[in-house]
Amino acid sequence: MAAILALVEEGMISPTAEDVAARANVGLRTVFRHFKDMESLYAEIMLELGKRFAALAAPFASADWQGQLRELTERRLTTYEMLMPFKRAADAHRHESKALHAHHAGMLAVMRARLHGLLPTEIASDPALFEALDLTLSFDAWQRLRSEQGLSEAPARSVVQALLHALLPFKP
């Protein structure tokens, strides 16, 4: 598991069993003894990444929704930055994996519910505004800023903050 995670973290989107065996200093048969198929491998990877990034679901320190939104934004952007290579790899294989597809759908639902739950009713009940906020705080928006638009981390954070400021009646 450590070998495949290291390879993906280094940017290898589809490490082969041979790559994993070489990195782990084990034989190819050993790799196949640990994982019966790709679905079981994907499921194990998602469990391991979930452990690494459990802090994303921790209770908020702030009592008001504005402070909670600031915390949520910081947690998400920090997590997105660390997860970027894993998310790219998962996206490349999601179409062929029920486990990756289900995990992705579940994570989106949890993230949307968390955002919806901390917003006041007048914001959460405005469909266009809620969807704009959800998009602004999405991994997809972060990846576009970082990869396609070529922004480094600090300017990308500034763009997210500017979008939140434009959408909300307070400075996030």
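Some points to look at:
- Distance (nanometres) between label positions extended 7 Å along Cα→Cβ at GLU131 and LEU28: 4.9
- At full extension, ALA105 and ASP64 could sit 11.9 nm farther apart than now, given 0.36 nm per residue minus the alpha carbon distance.
- For the pair ALA162 and ASP140, the difference between a 0.36 nm per residue extended length and the Cα-Cα distance amounts to 6.2 nm.
- Extended-chain gain in nm, criterion 0.36 nm per residue less alpha-carbon gap, GLU9 and THR121: 36.4 nm
- Contact order relative to length of the stretch 66-172, as percent, for alpha carbon pairs under 8 angstrom and 6 or more apart: 31
- For the stretch 48-62, the residues whose amide N sits under 15 Å from a probe point set 7 Å from the Cα of THR79 along the beta carbon direction are 48-61.
- The stretch 1-76 - percent relative contact order, Cα under 8 Å, separation 6 or more: 20
- Counting all C-alpha pairs of the chain, share separated by more than 25 Å (%): 40
- Secondary-structure-derived ellipticity at 222 nm for the chain, considering helices only, amounts to -22000 deg cm²/dmol, per-run term -39500 (n - 2.57) for DSSP H runs with n ≥ 4.
- Long hydrophobic helices in the chain, taken as whole DSSP H segments with a C-alpha length of 27 Å or more on their own axis and mean Kyte-Doolittle hydropathy at least -0.5: 98-118.
- Most positive-pole-ward Cα, LEU83, ALA61, ALA128, against dipole of the stretch 57-167 from beta carbon charges: LEU83
Read-outs throughout are calculated quantities, based only on the coordinates presented, and are distinct from any laboratory measurement. Just so you know, these numbers come straight off a predicted model, no measurement behind them. A quick note on method: Cβ atoms are made from the backbone with ideal geometry, for glycine too, and the neighbour counts reach across all protein chains shown.
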